[in-house]
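Q: Have a look at this one.
The values are calculated or read from the model by the stated rules, or taken from the named source; none is laboratory data. Note that the coordinates shown come from a computational prediction; the quantities given were computed from them, not determined experimentally. Please note: Cβ atoms are built from the backbone with ideal geometry, for glycine as well, and neighbour counts cover all protein chains shown. Surface areas here come from the heavy atoms of the whole protein model, side chains and all, with no ligands, DNA or RNA. Shrake-Rupley method; radii C 1.70, N 1.55, O 1.52, S 1.80 Å.
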Amino acid sequence: MTARPAVKHTTGYALERELAAAGSALIVGVDEVGRGAWAGPVVVCAAIARAGFPEPPGGLTDSKRLTAKRRAELAEELPAWVEAYAFGSASHEEIDARGMTAALRLAARAALGALPSRPDVVLLDGKHDYIGSPWRVRTAVKADLRSVSVAAASVLAKVHRDALMAELGETCPDFAFADNAGYPAPAHVQALTAHGPSPYHRLSWSYLDDLPQWRHLKVRRPEIEGQLTLL
């Protein structure tokens with residue numbers, strides 16, 4: 001007998017249904033990508049699922065649980081499936097100048113401000129509210145496994161940032177940004193050791209502490225209360 005393929009998890013509307021029952025009509029899911037990278041921007045996506053809890057695309061879930069191929073397929077399908085979505089970003093220079101918490105806030109507010117309608121509540125993946133007033137925010141750990149809108153934001157943000165990093169990588173191919181998206185990887189580390197940071201690297205990151213010949217380039221990250229961890 002031929003074994004049946006494993007059924008892939010598809011995220012449902014558990015959190016949206018809970019918020020809707022409490023009176024929220026328009027709910028937006030928000031997720032970020034790039035927080036722990038050594039290079040490139042941090043990107044935030046805000047996504048609104050259509051009303052009525054329609055069946056989500058098959059396999060839609062946390063982007064990290066998907067293959068690159070399936071993420072790309074979903075990213076092609078989701079723009080027509082969701083009610084609306086928007087991106088915001090903060091550059092590597094803004095991350096160095098402001099710190100990660102402020103950079104995430106900048107990116108998230110840009111994404112939310114680009115939506116056609118103001119949501120009643122923002123459903124934010126994670127336990128820390130880096131968006132703040134005047135937005136009404138509900139945080140939820142692993143929200144991308146319990147919220148279709150957050151899962152959609154997760155996939156869209158990941159594919160969008162990967163494409164940005166591949167484009168940046170064309171100007172500095174030794175760093176292999178198309179493959180590692182600015183995260184630590186052997187080719188990335190080798191290029192850093194040989195050539196020093198590219199124009200897109202975050203110079204306040206601790207990786208420079210391990211590169212004595214380039215340590216003089218490190219900039220001091222702002223000491224701001226409430227900074228989030230990088231991962």
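Q: Once the Cα atoms of helix 68-81 and of the chain are each reduced to a long axis, what angle between those two axes, in degrees from 0 to 90 to the nearest 10, is obtained?
A: 50
Q: Compute the long axis of helix 186-195 from its Cα atoms, compare it with the longest principal axis of the Cα atoms of the chain, and write down the angle in degrees, 0 to 90, nearest 10.
A: Once rounded, the angle reads 40 degrees.
Q: Next question. Let me check something: with ligands and nucleic acids excluded, how do GLU16, GLU170 order by accessible area (1.4 Å probe), largest to smallest? Walk me through the numbers on the way to the answer.
A: Values: GLU16 10, GLU170 145 Å².
The residues order as GLU170, GLU16, largest area first.
Q: Comparing ASP31, ASP120, ASP144, which has the greatest mean-square fluctuation in the GNM of the chain with Cα pairs linked when under 10 Å apart?
A: Looking only at ASP31, ASP120, ASP144, the biggest GNM fluctuation is shown by ASP120.
Q: Assign one of three labels to region 120-200, namely rounded, prolate or oblate, based on the Cα gyration tensor with a ≥ b ≥ c the square roots of its eigenvalues; rounded applies when a/c is under 1.5, prolate when it is not and a/b is larger than b/c, and oblate otherwise.
A: prolate
Q: Accessible surface of SER89 in the full protein assembly, 1.4 angstrom probe, to the nearest 10 Å²?
A: 60
Q: Here is a follow-up. Amide H of ARG50 versus every other amide H placed in the peptide plane: which residues, excluding those fewer than 5 positions away on the same chain, fall under 5 Å?
A: GLU83
Q: Could you rank ARG138, ARG71, ARG118 by how accessible they are, 1.4 Å probe, largest area first?
A: These residues rank, largest area first, as ARG118, ARG138, ARG71.
Q: Can I ask one more? Go through ARG35, ARG109 and list them by solvent-accessible area, largest first, probe radius 1.4 Å.
A: Descending accessible area places them as ARG109, ARG35.
Q: Taking 0.36 nm per residue of separation and subtracting the Cα-Cα distance, what length does fully extending GLU83 through ALA97 add?
A: Here the segment from GLU83 to ALA97 would lengthen by 1.6 nm.
Q: Please say if region 69-172 is rounded, prolate or oblate, where rounded means a/c under 1.5 for a ≥ b ≥ c the square roots of the C-alpha gyration tensor eigenvalues, and otherwise the choice is prolate for a/b larger than b/c and oblate otherwise?
A: oblate
Q: Here's another thing I want to ask about it. Please list, ordered by chain and number, the residues whose modelled amide H lies under 5 Å from the amide H of ASP31; skip anything fewer than 5 residues away on the same chain.
A: Amide H neighbours of ASP31, under 5 Å, 5+ apart: CYS45.
Q: Hey, another quick one. If you line up the long axis of helix 148-169 against the longest principal axis of the chain, both from Cα atoms, how many degrees apart are they, to the nearest 10?
A: Its long axis makes an angle of about 30 degrees.
Q: Report, in whole Å, the centroid distance computed from the Cα atoms of region 162-215 and region 91-138.
A: Their Cα centres are 26 Å away from one another.
Q: Let me ask you something else. At 1.4 Å probe size, with the rest of the protein present, what percent of the exposed accessible area of region 1-126 is carbon and sulfur atoms? Could you put the intermediate results ahead of the total?
A: Working: 3120 of 5900 Å².
Heavy-atom surface of region 1-126 belonging to carbon and sulfur, 1.4 Å probe: 53 percent.
Q: Just to be sure I understand the model, the point goes 7 Å from the Cα along the line to the Cβ. What's the resulting ASP210 to ARG65 distance in nm?
A: Going by the 7 Å Cα→Cβ label model, 3.0 nm.
Q: Cut-off 18 Å, label point 7 angstrom out along Cα-to-Cβ of GLU76: give me the residues of region 46-66 whose amide nitrogen falls inside.
A: Under cut-off, by backbone N: 57-61, 66.
Q: Once you have the Cα-Cα distance between ALA114 and GLN190, take 0.36 nm times their residue separation minus that, and quote the gain in nm to one decimal. Working shown, then result.
A: On the way: separation 76, 0.36 × 76 = 27.36 nm, distance 3.88 nm.
This chain segment gains 23.5 nm when fully extended.
Q: Right, next: For a test of the definition: using alpha carbon positions, the gyration tensor, and the 1.5 limit on a/c, classify region 5-95 as rounded, prolate or oblate.
A: oblate
Q: Report the local net charge at LEU123: Lys and Arg +1, Asp and Glu -1, summed over other residues whose C-beta lies under 9 Å from its C-beta. Working shown, then result.
A: Values: positive: ARG138; negative: GLU16, ASP125.
With Lys, Arg at +1 and Asp, Glu at -1, the net is -1.
Q: Normalised by the empirical 2.2 N^0.38 Å for globular proteins, what value does the Cα Rg of the chain take?
A: 1.07
Q: In nanometres, what is the gap between the two model label sites at GLU18 and ASP129, each 7 Å from Cα along Cα-to-Cβ?
A: So the two model labels end up 1.5 nm from each other.
Q: A further question on this structure: Using amide H atoms built 1.01 Å from N in the peptide plane, name the residues 5+ places from THR139, or on other chains, whose amide H lies under 5 Å from its own.
A: LEU124
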